[in-house]
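What follows is one structure encoded as structure tokens, with my remarks underneath.
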Amino acid sequence: MQVAIIAITGNGARLGETLQRGIPGSRLFVIEKHATAASQPFSEPVPALISRLWPEYGGFICIMATGIVVRCIAPLLQAKDRDPAVVVLDDAGKFAVSLLSGHLGGANALADTCASLTGCTPVVTTATDANDLPSFDLLAQENGWVIDDLSRVKVLNAFLLEGREIAVADPTDRVRSYCAGRGNLTFVADAETAAASGAAGVVLVTNRTVPSAFDSQRTLVLRPVDLHLGIGCNRGTAAEEIEAVVMANLDQLGLSIKSVKCLATARAKDDEEGLLAFAAKLGVPLLFFENEELNAVAAPSPPSAHAMAAIGARGVAEPAALLAAGGGTLILKKVKDGNVTLAIAQKGIAHGLRG
């Protein structure tokens, strides 16, 4: 995380230098009359400075009054999963207040860092932390999981605080290890058992689509991003055709598009406009592998004479998916539909092959 440290007093500038030395990737901005060689001087109003830096930094440490910071950042706020971390230190260095984006933005952890570097007291007011309870949004962040509906985090965290039972279906077992006995959690074998448990809330860790029968108001879905899509296509295939094939097969397998980590293909396709456009629409990387890499993979399907003639590779979809997954398991052997060939590999728990 790149952190902007902003100070407006002489003592604040000294505190800022201590923080800058201890926080990698940080940059210190000090009002012009107190600036030193270690800092970047500024003369513009503080609200203008913060507004200018807001898109560039993942965290802010503001050494000034909390009220100043609140007024500066209020017009800039968007959402809890997009706003940067904001920590406020007083000029005397007594307290580090986690003000904004405590969990997802990392402000709670940043306040702790400030405390360890300066000796001040961290002030963390998020309810789960204050009560030594786990936080489902932080759990998702630490594991790189996608939260299906961020508004459900508030509901499930409230159940934690109230001591109400929450049924958890998690094949990774990471929820159990993260929570470490904190909270009234019951761990069950699968989603169906969780739904029928009678618990106040349900937490599902899954890359699968959730049946409409589930009560969405009390269900938090955390999605591992573990699906790697190997795609081959004829030259000039439109993004819409590629998308239609992908969505049809994900639907058939009951898998969520939100769990797709990347697309993968042959290096010969690095200028394929349809593939590039589809990856951009999903917001995932498109990985390219050389023929030598593809040909070295022991894919289950027979070599493709068409791929060999076209680009010199024995196959594209299956080996590309397996390479992208780093040795994962094929949960969809290659299927050819029109101009598109698709295979899906999963990193981690196998769901079984579908051909």
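The values are calculated or read from the model by the stated rules, or taken from the named source; none is laboratory data. Here the structure is a predicted model, which means the values were calculated and not measured. Heads up, the Cβs are rebuilt from the backbone with ideal geometry, glycines too, and the neighbour counts pull from every protein chain shown. Side chains are part of the model used for accessible areas, which takes the heavy atoms of the whole protein and leaves out ligands, DNA and RNA. Shrake-Rupley method; radii C 1.70, N 1.55, O 1.52, S 1.80 Å.
So for each of 97-109, 250-262 I average, over its residues, the number of other beta carbons within 10 Å; can you give me the resulting order with the highest mean first?
97-109, 250-262
Taking the Cα atoms only, what angle lies between the long axis of helix 151-162 and the longest principal axis of the chain, rounded to 10 degrees?
60
Could you work out the pair-distance distribution P(r) of the stretch 50-197 from its alpha-carbon pairs, with 5 angstrom bin width and percents rounded to whole numbers?
Bin by bin from 0 Å, the calculated values are 2, 9, 16, 19, 17, 14, 10, 7, 4, 2, 0.
Kirkwood hydrodynamic radius, the stretch 110-250, all distinct C-alpha pairs: what's the number in Å?
After inverting the mean inverse Cα-Cα distance, the result is 17.3 Å.
Would you mind checking which residues have amide H under 5 Å from residue 26's amide H? H placed 1.01 Å from N; only 5 or more apart, or other chain.
When sequence neighbours closer than 5 places are left aside, the close amide H contacts are 3.
Students often get this wrong, so check it: of 258/333; 261/281; 281/347; 258/347, which have C-alpha atoms separated by over 18 Å?
From the list (258/333; 261/281; 281/347; 258/347), the Cα-Cα distance tops 18 Å for 258/333; 281/347.
With every protein chain present, what accessible area does residue 90 have (1.4 Å probe, heavy atoms only), rounded to the nearest 10 Å²?
40
Identify, among 131, 53, 86, the residue whose Cα sits farthest towards the positive end of the charge dipole of the stretch 27-140, taking +1 on the Cβ of Lys and Arg and -1 on the Cβ of Asp and Glu, with the dipole about the Cα centre.
My answer, from the dipole projection, is 53.
Taking θ = phi - 60°, what integer Hz values does the Karplus form 6.51 cos²θ - 1.76 cosθ + 1.60 yield along the stretch 32-37, in sequence order, with x for Gly and Pro?
So the J values, rounded to whole Hz, are 3, 6, 10, 6, 10, 5.
Provide the packing ranking of 67-73, 231-237, i.e. peptides ordered by the mean count of other C-beta atoms within 10 Å per residue, highest first.
With the highest mean Cβ count within 10 Å placed first, the list reads 231-237, 67-73.
Of all DSSP beta bridges in the chain, what percent run antiparallel (nearest 5)?
That works out to approximately 35 percent antiparallel.
On average, how much area does the Cα convex hull of the stretch 211-355 cover when viewed from any direction, in nm²?
8.7
Given H placed on each backbone N at 1.01 Å, which residues far from residue 209 in sequence or on other chains put an amide H within less than 5 Å of it?
Long-range HN contacts for residue 209: 255, 256.
Over the heavy atoms of residue 273, what accessible area does a 1.4 Å probe trace out, to the nearest 10 Å²?
Answer for residue 273: close to 150 Å² accessible.
No solvent, one uniform scatterer per C-alpha: report log10 I(q)/I(0) for the stretch 194-296 via the Debye equation at q = 0.11 1/Å, two decimals.
Scattering profile of the stretch 194-296, log10 relative to I(0): -0.44.
Report the extension gain between residue 212 and residue 186 in nm, rounded to one decimal, defined as 0.36 nm multiplied by the number of residues separating them, less their alpha carbon distance.
7.1 nm
Whole number please: convex hull volume per residue of the Cα set in the chain, in Å³?
Output value, Cα hull per residue: 167 Å³.
What full-extension length gain, to one decimal in nm, is calculated for residue 154 and residue 270 as 0.36 nm per residue of separation minus the Cα-Cα distance?
Full extension from residue 154 to residue 270 adds 37.5 nm.
Go ahead and estimate [θ] at 222 nm for the chain from helices alone: -39,500 (n - 2.57) per DSSP H run with n ≥ 4, summed, over the residue count, rounded to 500.
-9500 deg cm²/dmol
Once R0 is set to 22 Å, what does the formula 1/(1 + (r/R0)^6) return for the Cβ-Cβ distance between residue 125 and residue 164, expressed as a FRET efficiency to the nearest 0.05?
Calculated transfer efficiency: 0.50.
Can you give the translational diffusion coefficient of the stretch 116-165 in µm²/s, computed by Stokes-Einstein from the Kirkwood radius over Cα pairs at 10 °C and 1.306 mPa s?
128
Would you work out which of 259, 338, 323 lies farthest towards the positive end of the dipole of the stretch 199-340, given +1 charges on the beta-carbon of Lys and Arg and -1 on that of Asp and Glu, about the Cα centre?
The residue sitting farthest along the positive end of the dipole is 259.
From largest accessible area down, sort 1, 64, 308, 247; use a 1.4 Å probe on the protein chains.
From most exposed to least exposed: 1, 308, 247, 64.
Using a 7 Å offset from the Cα along the Cα-to-Cβ direction at both residue 244 and residue 290, what is the distance between the two label points in nm, to one decimal?
Here the answer is 3.7 nm between the modelled labels.
Using amide H atoms built 1.01 Å from N in the peptide plane, name the residues 5+ places from residue 123, or on other chains, whose amide H lies under 5 Å from its own.
Close amide H contacts, sequence-distant or interchain: 96, 97, 98.
Computing the accessible area with a 1.4 Å probe over protein heavy atoms, can you report the carbon and sulfur percentage for the chain?
For the chain, the apolar C and S fraction of the accessible surface comes to 52 percent.
Using only Cα atoms, tell me the angle between helix 10-22 and the longest principal axis of the chain; keep it within 0 to 90° and round to the nearest 10.
The helix 10-22 is inclined about 30 degrees to the chain.
Hey, with R₀ at 35 Å, roughly what FRET efficiency would residue 280 and residue 173 work out to, going by the Cβ-Cβ distance, to 0.05?
0.50
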